[in-house]
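The values are calculated or read from the model by the stated rules, or taken from the named source; none is laboratory data. Computed from a predicted model, the values in this text were never measured in an experiment. Quick reminder, even Gly has a Cβ in these numbers, built from the backbone with ideal geometry, and neighbours come from all protein chains shown. Heads up: the accessible areas ignore ligands, DNA and RNA and are worked out on the full protein's heavy atoms, side chains in. Shrake-Rupley method; radii C 1.70, N 1.55, O 1.52, S 1.80 Å.
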Amino acid sequence: MRHGMEISVRIMRYYQIIIGLFCGILAIYSAYLPIKHYSLFFSWIYSAPIILLCLTSLVFLVLLIRQYVKGVRSFAMVPFIICLVSAFFAYYLDERREGLDRSDTSFKASTDRFGDDGGFYMDFKKNGHVQAERHDHWEFTSYWGGYRCDKDTIYLDIPLDFPLGKKAILTDTALRFLDDTIIFRAFKE
């Protein structure tokens, strides 16, 4: 009877590890997305994976404390450690992106040709990071990526959910994409 109980505890531990890995990967993926759509009632969707990871970590911590009192070996800590490391990594990715978003701006560009309500804005940072937003009636979409500047030519490396060229010419007042007819108003800060 004791041997059967040890096997079921070991199988349960593997299930906990799989659940911890799944929740961790989901939270890290959610923090790493280069395109996020925020709408009136569904902005919480991007917070759900990290909340699920935190709840899973809490459940694993309670199970760990209960098993620690019973004298179970350190292998019981693995699911909790997986969740904890995943939560810290997702937090790191989120803070890193916010740090890049807060960095100094080189120039901004905007157009009204995309988006229903407010158009499309691009914020080019001095460190090669670009943050963009497209505003529609009840939602806005955020995009993150990078760019490289070679004299007056800008090479974009940003994933978008609409077609836009990856190469543009920057003048004092405009950002003109070579593959498209779209011209952005540009202003330096």
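Think of it as helices only: each DSSP H run of n ≥ 4 in the chain is worth -39500 (n - 2.57), and spread over all residues that comes to -14500 deg cm²/dmol at 222 nm. Taking θ as phi - 60° and the Karplus parameters 6.51, -1.76 and 1.60, the scalar couplings of the stretch 174-181 work out to 9, 10, 10, 7, 6, 7, 10, 9 Hz in sequence order, x denoting glycine and proline.
Residue order by solvent-accessible surface for VAL130, VAL85 is VAL85, VAL130, largest first, with ligands and nucleic acids left out and a 1.4 Å probe. Between CYS23, CYS149, CYS83, the Gaussian network model of the chain with springs among Cα atoms under 10 angstrom shows the greatest mean-square fluctuation at CYS149. In a simple Cβ point-charge model (Lys, Arg +1; Asp, Glu -1; nothing else charged), the chain has a dipole of about 1120 debye relative to its Cα centre. Considering only THR111, THR171, THR56, the mean-square fluctuation computed in a Gaussian network model of the chain, springs between alpha carbons under 10 angstrom, is largest for THR171. In a DSSP loop and with at most 13 other Cβ atoms within 10 Å, the trypsin sites (Lys or Arg not before Pro) in the stretch 100-189 are ARG102, ARG113, LYS126, LYS151.
Using a cut-off of 20 Å between Cα atoms, the listed pairs LYS125/LYS188; LYS151/LYS188; LYS126/LYS188; LYS36/LYS151 include LYS36/LYS151 as exceeding that distance.
Think of a 1.4 Å ball rolled over the protein heavy atoms: the chain then has 63 Å² of accessible area per residue. Toward the positive end of the charge dipole of the chain, with +1 on the Cβ of Lys and Arg and -1 on the Cβ of Asp and Glu, the farthest Cα among GLY128, VAL62, ALA48 is that of VAL62.
Backbone amide hydrogens, once placed in the peptide plane, bring ILE182 within less than 5 Å of PHE177, excluding anything fewer than 5 places away on its chain.
Per-residue extension of 0.36 nm, minus the Cα-Cα distance of CYS54 and VAL78, leaves a gain of 7.1 nm for this segment. Here the accessible area of the stretch 84-163 is 50 percent carbon and sulfur, with a 1.4 angstrom probe and all protein chains present. Just checking the listed ones, GLN67, GLN16, GLN131: in the Gaussian network model of the chain with Cα springs under 10 Å, the one fluctuating most is GLN67.
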